[in-house]
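Everything below concerns the one structure shown next.
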Amino acid sequence: MTDEAPACPHCGKPEFLCVCAQVEPLKTRTGLLILQHPQEQDRLLGTAGLTRRALENSVLKVGLSWPSLAKALGRDADPSQWAILHLGSSRAADLPRDRELVALDKKGGALPDQDKALAGLRGVVVFDGSWSQAKTLWWRNPWVLKAKRLALNPRKKSLYGNLRREPRREALSTLEAAALAVSRLEGKPEIETALLQKFALMLDAFRAAQAQGLVSPDGKVSAPPAA
């Protein structure tokens, strides 16, 4: 970002990319903790800030390590009652075809009783960053090993399309991953629908900014918005 492009205090994006005014925070039973790698903060296409804005029961922290889940959340929490999106080698082909959110064992295999494994979860931890950055966060926070593990098996590709390359077909943005996980845990598809609508608005704003020359081909702010 540049000094000439004022940033939104909620999502951190330049005002001409911000859609926060169109976001009404949703109340959910399931908590969400987004741990963002420090090097991810300046990405114009990042979705962590928008996700935090869209989900009332969510926390966004930037850093590399926290001594416990409670310290990261800022409140008491038992990691065994939370789940973390797994970064292992589970392949979509090895996951149950009828489920988009799958509970895993310590070896990365799908647990036999999925309903029981997912029942009673109080929250989900999501890493925000590239795959290598997410792995760094995983290994620098050993308390995540006490949490249950989840894998995403989405039926649809990310809305990013060709705007941002992902290392795997099933890779999603932080917003999409959070929307899928929370909506499936609560049995409320309208949560995912609402968040994806806001993500689409953000992507439309980004494409419009590119067309106006406000964003360069490499995804950086190239000029301040017209007065």
Could you check how many residues of the stretch 119-145 are under 21 Å from Thr30 (Cβ atoms), open to solvent by 30 Å² or more (accessible area, probe 1.4 Å) and modelled with pLDDT of 95 or more? 1
Val59 passes all but one of (1) outside any strand (DSSP E or B); (2) within 28 Å of Val19 (Cβ to Cβ); (3) free of Cβ contacts under 8 Å to residues at least 60 places away in the same chain; which number fails? (1)
Checking the structure you have, find out if any residue of the stretch 67-77 is over 27 Å from Ser216 (Cβ atoms), open to solvent by less than 10 Å² (accessible area, probe 1.4 Å) and assigned to a strand (DSSP E or B). no
May I ask you to list the residues in the stretch 153-202 that are surrounded by fewer than 20 Cβ atoms within 10 Å (Cβ to Cβ), hydrophobic (A, V, I, L, M, F, W, C) and touching a helix residue (DSSP H, G or I) at 6+ places or on another chain (Cβ under 9 Å)? Leu159, Leu163, Ala171, Ala194, Leu196, Leu201
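The values are calculated or read from the model by the stated rules, or taken from the named source; none is laboratory data. Just so you know, these numbers come straight off a predicted model, no measurement behind them. Heads up, the Cβs are rebuilt from the backbone with ideal geometry, glycines too, and the neighbour counts pull from every protein chain shown. Surface accessibility is based on the protein's heavy atoms, side chains included, excluding ligands, DNA and RNA. Shrake-Rupley method; radii C 1.70, N 1.55, O 1.52, S 1.80 Å.
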